[in-house]
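All remarks here apply to the structure that follows.
The values are calculated or read from the model by the stated rules, or taken from the named source; none is laboratory data. Computed from a predicted structure; not experimentally measured. Backbone-built Cβ (ideal geometry, glycine too); neighbour counts: all protein chains shown.
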Amino acid sequence: MATKSSIHIKPCNIASSEAHNRRTAEYMRNIGESRIYVVPELSIDNEQWINPDFGTPELRTHYDNIKQMVKEKTGRAMQEKERERKGKNGKIIKVAGCSPIREGVLLIRPDTTLADVRKFGEECQRRWGITPLQIFLHKDEGHWLNGQPKAEDKESFQVGNRWFKPNYHAHVVFDWMNHETGKSRKLNDEDMATMQTLASDILLMERGQSKAVTGKEHLERNDFIIEKQKAELQRIEETKRHKEQQVSLAEQELKQVKAEIRTDKLKSVATDAATAIASGVGSLFGSGKLKDLEQSNENLRHEIAKRDKGIDELKAKMQQMQEQHSKQIRNIQGIHNQELETKDKEISRLN
């Protein structure tokens, strides 16, 4: 279970957010049979809430309504794209486009309820005027373990024959606009820190440290999966290096034993050759030491070969995931850019 609260807010990608949050049939098909991080058997525990005060459950429709509201309130079209302007010192400054809908990912406990997260959303609205549009509790995400969990791991559990480490979290989609002025709400770093504390108080969790303290950036879902795979690859390679060291030590010991055999042979020539060789070599071979070392070496080489194969398979899987991730991002960006171009043409025609 998540012992520390954490909330990460970013501009909502309305082209893909709802598909993931609602677990649409098309989204589940796109994940594929591997079910990288979603376990369908656990999806029954997911919960959702859609704000009934806005008349539409669709983010695209709500986004278009916000654009119309901004035009009516300010007399100007909402600036969606990033733009550049020249500062007083002559330097070019990049100005981000408006993000009227934003999405927060909030860590929760296994027993956190929809009512708990709704209370958090209501308090955010009361304090900062940001209105929760949608809330989704996801209790079917996480990652598969290789083998059994460590003794101190109290979160993981079995699903079938495999062990699963859950990532309990909630998605809170906010309307970030002031509908009286047509302008975006302005929250500073202090506000965001207060929001973190608010989450820990309402959800009865220990407050997590900010990235200013930890130095860690939040990871997106696919990036998180890739990082987990990289960590597993590193663990396997470390194990492989350890085995290779064992092989090296065993081979050194084997050479030493063979050197002892040769030394005994030379000594036996100077004395009683037949007796010494029979005695010296016989004691070595009779003890089984040489045979055991050779068998141990063979076993270690076989285990390293298996780990090499596992590393190659894991690298191939990571490459496939990264390529799929990049393809999905390109597709979404293409759709988004096409939509923006269409809207720009409509605005130009109206003007």
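List of remarks:
This table checks each residue for (1) without any contact (Cβ under 8 Å) to a residue 24 or more places away in the chain; (2) within 19 Å of T56 (Cβ to Cβ); (3) surrounded by 16 or more Cβ atoms within 10 Å (Cβ to Cβ).
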{"site": "Q125", "(1), (2), (3)": "yes, yes, no"}
{"site": "Q134", "(1), (2), (3)": "no, yes, yes"}
{"site": "D140", "(1), (2), (3)": "no, no, yes"}
{"site": "Q148", "(1), (2), (3)": "yes, no, no"}
{"site": "E152", "(1), (2), (3)": "yes, no, no"}
{"site": "S156", "(1), (2), (3)": "yes, no, yes"}
{"site": "V159", "(1), (2), (3)": "no, no, no"}
{"site": "K165", "(1), (2), (3)": "yes, no, no"}
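For (1) hydrophobic (A, V, I, L, M, F, W, C); (2) under 16 Å from I9 (Cα atoms); (3) touching a residue at least 24 places away in the same chain (Cβ under 8 Å), each residue gets a yes or a no:
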| residue | (1), (2), (3) |
| --- | --- |
| Q79 | no, no, no |
| R83 | no, no, no |
| G90 | no, no, no |
| S99 | no, yes, yes |
| G104 | no, yes, yes |
| R109 | no, no, yes |
| D116 | no, no, yes |
| K119 | no, no, yes |
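- Answer from S184, S210, S156 - the residue that is more than 30 Å from D53 (Cβ to Cβ) and modelled with pLDDT of 90 or more: S156
- Residue check, R126 farther than 14 Å from H138 by Cα, in the same structural domain as T197 (by TED's automatic domain parsing) and within 24 Å of the chain's Cα centre (by Cα): no
- Looking only at residues of region 43-91 that are in contact with a Cys (Cβ under 9 Å, 6 or more places away or on another chain) and not in a helix (DSSP H, G or I), we find that the one that is nearest to S17 (Cα to Cα) is E80.
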